[in-house]
Amino acid sequence: QSTWGAGYPASDYVVNTATGVVSKIGTSGWNSVMSSTDTMKRLNDTVRGLTFSVSSAATAMFVGMSRLSESTTNADRTLRFAFDIRSNGLFAIVDNAVAKPTTYAYVAGDQFSIIISQTNFVQFYRSSTLIYTSTAAITTTDVPMLAEMKIYTQSATVIEPRWLLTVNCSTPSIVGATFSSCPNTLYNSTCTATCNSPQYLYQNGSFSHHCAENGRWEPDTGVPLFCQPQCSQTCENGGYCCAPDTFCCQAGWVGADCTRPVDCRFMTVSNAFNVSCNASYYQAECNATCMDGFDGGSRMYTCDRYETWVPQASQSALSCTRKNCGSLISGSVKVIDSCSSTVFGSYCNAPCT
């Protein structure tokens with residue numbers, strides 16, 4: 001966000017800090033200038049450009065950037081890089097203090113942006129369309145740079161003039177939508193999202209999003225775009241269409257159309273534990289207990305919505321290990337044949353001496 005000074009003369013401009021609108025209240029003419037109090041300090045600064053909108057196509061103004069070293073109270077000076085917006089619905093470009101002859105059309109509400117590219121060329125955008133790129137890259141002699149405006153028409157306004165920062169929102173993404181008209185991913189850049197019909201249809205929310213200071217694409221209306229997936233069939237038992245021709249079932253139901261009850265089948269009995277179950281359907285319970293000769297205790301299991309037996313209370317799965325009988329027989333008995341193990345179920349040949 002750029003902070004604007006008092007203007008020269010100070011009585012010619014007023015800034016509404018609540019709405020971000022700058023208005024000229026002085027008489028019409030190229031007789032005043034408004035400058036930002038902060039600057040783009042260096043090449044590869046966090047500030048990478050300037051953006052603003054206009055409320056009318058019948059006003060004349062210059063809005064752009066100037067070298068701080070050239071900043072004076074001279075209201076007639078030419079901005080270094082700027083939009084020359086005219087009252088006949090046309091605008092032109094000022095490239096390195098040179099007015100370019102080509103004109104372009106604009107309408108009220110259009111957003112204008114001046115962006116310094118990664119290679120330090122100056123790019124001029126109308127909304128999301130790249131209009132012009134400077135013939136040369138800016139250099140260290142051009143910085144620091146101020147944001148400046150000169151408004152000719154009395155009562156004309158510049159809407160939310162602000163710096164573009166190097167906040168990078170990465171590639172925008174909304175389930176079921178395609179983004180287009182995205183000139184870049186810098187702060188306050190805009191993108192338009194469209195639902196991918198017929199697989200998804202518009203439900204509610206904003207199509208237009210902007211790159212916010214938090215590094216996320218935020219909806220312009222405050223309501224995120226929601227594209228409703230479409231299913232060619234219907235489902236039962238409270239299931240809903242969660243992806244194109246795909247249903248998400250309520251707990252306790254599975255299947256393509258959510259008509260089959262969850263069934264975990266009965267837990268498999270192993271050679272280490274016994275199982276006692278009250279049923280095999282959703283939320284049924286099984287008590288698994290280690291057999292005699294095994295350590296590990298017991299666990300209660302529940303049949304979950306994915307037809308899987310899971311331990312209750314976030315416990316680990318039951319693990320039964322054979323009891324260990326300890327050291328080999330000694331005393332009056334002599335071990336003749338070595339034993340393979342000392343755990344439950346092992347054998348030793350130990351005749352008397």
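The values are calculated or read from the model by the stated rules, or taken from the named source; none is laboratory data. Keep in mind it's a predicted model, so treat the numbers as computed, not measured. Glycine gets a Cβ as well: all are built from the backbone with ideal geometry, and neighbour counts include every protein chain shown. Surface areas here come from the heavy atoms of the whole protein model, side chains and all, with no ligands, DNA or RNA. Shrake-Rupley method; radii C 1.70, N 1.55, O 1.52, S 1.80 Å.
Assuming R0 = 30 Å, can you tell me the calculated FRET efficiency for the pair Ser69 and Gln118, based on Cβ-Cβ distance, to the nearest 0.05?
Numbers: r = 24 Å, r/R0 = 0.81.
For R0 = 30 Å, the calculated efficiency reads 0.80.
Between Gln203, Pro224, Cys242, whose Cα lies farthest towards the positive end of the dipole of the stretch 174-271 when Lys and Arg beta carbons carry +1 and Asp and Glu beta carbons carry -1, centred on the Cα centre?
Checked the options; the winner is Cys242.
Under a point-charge model restricted to the Cβ atoms of Lys and Arg (+1) and Asp and Glu (-1), what is the dipole moment magnitude of the chain relative to its Cα centre, in debye to the nearest 20?
Details: 20 positive and 24 negative charges, 117 e Å.
Once rounded to the nearest 20, the dipole reads 560 debye.
Note the full-extension length gain between Thr102 and Ala58 as 0.36 nm times their separation in residues minus their Cα-Cα distance, in nm to one decimal. Before the final figure, lay out the partial values.
Details: separation 44, 0.36 × 44 = 15.84 nm, distance 1.87 nm.
So the chain would gain 14.0 nm between Thr102 and Ala58.
Nearest 0.05, what FRET efficiency do Thr19 and Ser181 give at R0 = 30 Å with Cβ-Cβ as r?
Working: r = 25 Å, r/R0 = 0.84.
Computed FRET efficiency for Thr19 and Ser181 comes out at 0.75.
Kindly list the residues of the stretch 266-301 that lie in the label zone of Ser316, defined by a backbone N under 13 Å from the point 7 Å along the Cα-to-C-beta vector.
Flagged as within label range: 296-297.
Across the chain, how many lysine pairs, 8 or more apart or on two chains, come within less than 29 Å at their alpha-carbon atoms? Could you put the intermediate results ahead of the total?
Values: Lys24/Lys41; Lys24/Lys100; Lys24/Lys150; Lys41/Lys100; Lys41/Lys150; Lys100/Lys150; Lys323/Lys334.
Lysine pairs meeting the criterion: 7.
Roughly how many percent of the accessible protein surface of the chain is carbon and sulfur, given a 1.4 Å probe and a whole-percent answer? Let's see the in-between values first.
Working: 9280 of 18120 Å².
About 51 percent, which is the carbon plus sulfur part of the accessible surface.
Under the rule a/c < 1.5 gives rounded, and otherwise a/b versus b/c splits prolate from oblate, where does the stretch 206-297 land using the Cα gyration tensor? Before the final figure, lay out each step's value.
Values: a/c = 5.24, a/b = 2.11, b/c = 2.48.
Since a/c reaches 1.5 but b/c is at least a/b, the shape of the stretch 206-297 is classed as oblate.
Just want to confirm a number: the relative contact order over the stretch 207-324, from Cα pairs under 8 angstrom separated by 6+ residues, in percent.
Values: 220 pairs, mean separation 17.2, N = 118.
After rounding, I find 15 percent.
Using a 7 Å offset from Cα along Cα-Cβ at Gln199, what residues in the stretch 234-250 end up with backbone N under 18 Å from the label point?
Flagged as within label range: 241-248.
In square angstrom, what is the accessible area per residue of the chain with a 1.4 angstrom probe? Write out the running numbers ahead of the final one.
Values: 18120 Å² over 353 residues.
Accessible area per residue: 51 Å².
Which listed residue (Thr135, Val175, Thr321) has the Cα farthest towards the positive end of the charge dipole for the chain, taking +1 on Lys and Arg C-beta and -1 on Asp and Glu C-beta about the Cα centre?
Selected residue: Thr135.
Please work out the FRET efficiency for the pair Asn168 and Thr302, using the Cβ-Cβ distance as r and a Förster radius of 41 Å; give the result to the nearest 0.05.
Working: r = 45 Å, r/R0 = 1.10.
Rounded to the nearest 0.05, the efficiency is 0.35.
Working out 0.36 nm times the residue gap between Ser276 and Asp295, then minus their Cα-Cα distance, what length gain in nm do you get to one decimal?
Values: separation 19, 0.36 × 19 = 6.84 nm, distance 1.81 nm.
My answer for the length gained is 5.0 nm.
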